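Read through the structure below, which is laid out as structure tokens, and then see the notes.
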Amino acid sequence: MEWKQSTVTIESSGGKSILITDQIIAACPDLRTIQVGILHLFLRHTSASLTINENADADVRRDLDMALHHIVPDRLNFRHTMEGRDDMPAHVKSSLMGVSLQIPVSEGRLMLGTWQGIYLCEHRSLGHSREIVCTLYGQT
Amino acid sequence: MEWKQSTVTIESSGGKSILITDQIIAACPDLRTIQVGILHLFLRHTSASLTINENADADVRRDLDMALHHIVPDRLNFRHTMEGRDDMPAHVKSSLMGVSLQIPVSEGRLMLGTWQGIYLCEHRSLGHSREIVCTLYGQT
Amino acid sequence: MEWKQSTVTIESSGGKSILITDQIIAACPDLRTIQVGILHLFLRHTSASLTINENADADVRRDLDMALHHIVPDRLNFRHTMEGRDDMPAHVKSSLMGVSLQIPVSEGRLMLGTWQGIYLCEHRSLGHSREIVCTLYGQT
């Protein structure tokens with residue numbers, strides 16, 4: 001049984017979802033030593049999120065962000081506005097999408113489906129440095 | 001410490017949520033050997049989801065699907081439409097609901113609440129074969 | 001490798017999100033013995049949820065609940081109404097937000113970000129006793 005934990009910092013892009021699968025795999029070099037296990041990703045922020053979605057067409061990322069803007073409109077009567085009109089919608093989107101992911105590992109590889117990629121979704125209007133804790137555990 | 005991983009394929013029903021608790025338990029015969037542990041389920045797709053909800057009244061499943069249709073309407077101005085008008089709403093719903101579940105295990109049984117069941121939610125208009133990776137780990 | 005499992009019961013507040021970080025830490029005294037690991041929280045209910053969000057301003061909790069009410073309006077044409085008009089919206093919100101959380105542990109502490117707290121969100125109009133299974137595992 002092996003446990004490896006590391007933190008990776010990724011620069012997000014304001015109001016956008018970006019694909020970070022390659023950066024996560026690069027940050028977890030011990031992945032290849034795990035025969036059966038789990039990779040757990042945890043984003044240490046409350047106005048961004050982690051999700052898994054389609055890894056091929058950039059329009060999916062753009063459409064996801066547009067749909068989230070429809071689902072959580074800025075115009076709602078929010079009280080928590082001291083950090084700007086985009087802050088509270090970002091908190092809501094973060095809870096809807098979630099800040100942690102668990103991906104099964106088999107024979108040294110993430111068991112993502114063919115079309116699955118890992119997204120970092122920035123819900124604030126400006127980009128930020130976002131920390132992700134990667135915890136890898138399983139049988140070597 | 002024991003690790004067991006298997007993949008189960010379930011035929012989904014177009015635009016519907018179905019209860020799969022019994023199928024998941026049947027796919028994990030080693031569950032009964034785990035004294036304390038976790039069952040992790042991971043759906044390898046981007047237009048369906050896994051969730052936990054009420055296991056008794058089929059109207060809950062029907063109402064959940066209806067509400068998701070309200071929350072993510074097909075009429076939004078999506079660009080990613082090459083696979084049909086139902087594809088991009090399905091991707092959004094998949095990220096809102098999520099594709100992985102972790103359920104605690106105690107004395108050989110899932111610690112689901114009395115009213116909790118495992119749902120496979122198909123967000124495309126047609127049914128598909130959906131693969132779920134079941135990773136069971138814990139103390140025997 | 002250590003596994004500890006316990007159940008904590010928390011009284012929720014009708015239609016509100018409350019911060020439960022301190023109660024969860026108090027319910028997991030073995031946390032301090034874990035060098036690298038995971039704390040998994042699982043809510044055994046279908047009309048409430050667990051999420052991570054901003055831990056400082058109570059307006060964030062109030063605004064989150066208001067936004068959820070906008071996203072899942074009571075006026076939708078629900079069939080499952082035998083337990084009241086607030087029941088089915090609560091089921092939908094529970095699936096959108098989720099009932100489980102995984103938080104990485106390092107050197108005896110939860111690796112929450114500076115602004116992250118654990119919320120118990122009650123989606124029914126009245127408060128309830130809500131059971132959370134805490135499963136802690138990792139290297140001592």
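The values are calculated or read from the model by the stated rules, or taken from the named source; none is laboratory data. Computed from a prediction, not measured in an experiment: that's the story for all the values here. For neighbour counting, all protein chains shown are included, and Cβ atoms are generated from backbone atoms with ideal geometry for every residue, glycine included. In case anyone asks, the SASA skips ligands and DNA or RNA and just uses the protein heavy atoms, side chains included. Shrake-Rupley method; radii C 1.70, N 1.55, O 1.52, S 1.80 Å.
A few comments on the model shown:
- Solvent-accessible area per residue for chain B (1.4 angstrom probe, square angstrom): 37
- Basic side chains Lys and Arg get +1 at the Cβ, acidic Asp and Glu get -1 at the Cβ, and with that the dipole of the protein assembly as shown about its Cα centre reaches some 100 debye.
- Across identical copies of the chain, residue A:69 has label-point separations of 2.7, 2.7 nm, listed in ascending order, with the point defined 7 angstrom from Cα along Cα→Cβ.
- For the range C:12-21, putting each phi into the Karplus relation 6.51 cos²θ - 1.76 cosθ + 1.60 with θ = phi - 60° gives couplings of 7, 10, x, x, 10, 9, 10, 7, 10, 3 Hz, in residue order, rounded to whole numbers and with x for Gly and Pro.
- In nm, spacing of pseudo-spin labels at residue B:109 and residue C:23 (7 Å Cα→C-beta vector): 2.5
- Comparing the protein assembly as shown with the 2.2 N^0.38 Å rule of thumb, its C-alpha radius of gyration ratio is 0.90 (two decimals).
- Largest first, the extents of the alpha carbon coordinates of the range C:2-139 on the three principal axes equal 50, 29, 21 Å.
- Pair residue C:7, residue B:58: separation of 7 Å Cα→Cβ label points (nm): 3.1
- Computed in the context of the full set of protein chains, the accessible area of the protein assembly as shown at 1.4 Å probe radius has 45% of its extent on carbon or sulfur.
- Degrees, to the nearest 10: A:58-71 long Cα axis against longest axis of chain A: 50
- Charge sum, other residues only, whose C-beta stays under 12 Å from residue B:44's C-beta, Lys/Arg counted +1 and Asp/Glu -1: 0
- Pairing chains C and A buries close to 2800 square angstrom of accessible surface in total, based on protein heavy atoms and a 1.4 angstrom probe.
- Listed pairs A:93/B:16; A:93/B:4; B:4/C:4 exceeding 30 Å between Cα atoms: A:93/B:4
- Each listed q (0.19, 0.22 Å⁻¹) maps to a log10 I(q)/I(0) for the range B:28-92 from the Debye sum over equal C-alpha point scatterers, namely -0.90, -1.02.
- Percent RCO, i.e. relative contact order, over the range A:2-139, from Cα pairs under 8 Å lying at least 6 residues apart: 54
- Among C:135, C:9, the sequence by solvent-accessible area, most first, with a 1.4 Å probe is C:9, C:135.
- C-alpha center-to-center spacing [the range B:16-90, the range C:38-58] in angstrom: 20
- Cα long-axis angle, helix C:87-97 against chain C (0 to 90 degrees, to the nearest 10): 40
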